[in-house]
1. Report the FRET efficiency, 1/(1 + (r/R0)^6), for GLN79 and GLU34, where r is their Cβ-Cβ distance and R0 is 45 Å, rounded to 0.05.
2. ASP53 to LEU13: extension gain in nm, 0.36 nm per residue of separation minus the Cα-Cα distance?
3. Using Cα pairs closer than 8 Å and at least 6 residues apart in sequence, work out the relative contact order for the chain, in percent.
4. Test of understanding: ordering ILE133, ILE187 by Cβ neighbours within 10 Å, fewest first, what list do you get?
5. Label LEU158 and THR41 with points 7 Å out from Cα along Cα→Cβ: what is the distance between them in nm?
6. Counting other Cβ atoms within 10 Å, keep those with at most 10, restrict to DSSP loop, and tell me which trypsin sites (Lys or Arg not before Pro) in segment 115-204 are left.
7. With all distinct Cα pairs included, what does the Kirkwood hydrodynamic radius of the chain come out to in Å, to one decimal, could you say?
8. How big is the Kirkwood radius of segment 12-60, worked out from every pair of different alpha carbons and given in Å to one decimal?
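Readers should treat all values here as calculations from the given coordinates under stated rules, not as data from a laboratory. This is a predicted model, so every value here is computed, not measured. Please note: Cβ atoms are built from the backbone with ideal geometry, for glycine as well, and neighbour counts cover all protein chains shown.
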Amino acid sequence: MASRQRLWAGTTLEQRRAARRAALLDAALDLLGEHGGAGVTVRSVCRRAGLTDRYFYENFAGRDELLSALFLQVAEELQQAMEATTPAAGSSREEQARAAVDALVSVCLDDPRKGRLLLVEPLSDPALSGVSIGVAPTFTRLVRRQLPPGASKNESVLTSVALTGAVATLFFGWLSGTLPVSREELIDKCVRTVLLFWGERPRG
């Protein structure tokens, strides 16, 4: 018979450890959103989370492992949002395109910290660039599933990669402050871009 876990303040050891891990990840996301990757250090994360470095190393081997875990966590959130995109039956292609863009917006713009983590920091932080490259094929496959039928395999692969890059570049420009347009203008441009790659003529 398995022994019962010892409780402290109504929680088990595993629950407390999971809570500390979540606090460290949340602290890293806050710091990255405020200061970029350079602001994420073991010391700054522990200070923000209110934990000692003992608890940091209980969960992560170092800063790079922390950032990789954070990236994968947010990337999974984005993947789930994209997979949940199910436009209503009979919806127009523009409505379908907007639903796809809304999935990206719900993660990357509604919480700019996450957008910066996924799209901005990997370009300058080696700890994030490798993991970013590793998950990229997952998202191009999701984009490919939404392409209109009829194209050859090679054509659909090329289109999905190009479309992913185009939309990611638009989001990057807005998040990094180099694209001086409103949020609404950005979303509208992304929808129009998706339609163009789908071979549809945007209205207006």
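1. 0.95
2. Gain on stretching ASP53 to LEU13: 12.6 nm.
3. 18
4. Fewest-to-most ranking of ILE133, ILE187: ILE133, ILE187.
5. Here the answer is 4.8 nm between the modelled labels.
6. Answer in residue order: ARG203.
7. 18.9
8. Result for segment 12-60 stands at 10.7 Å.
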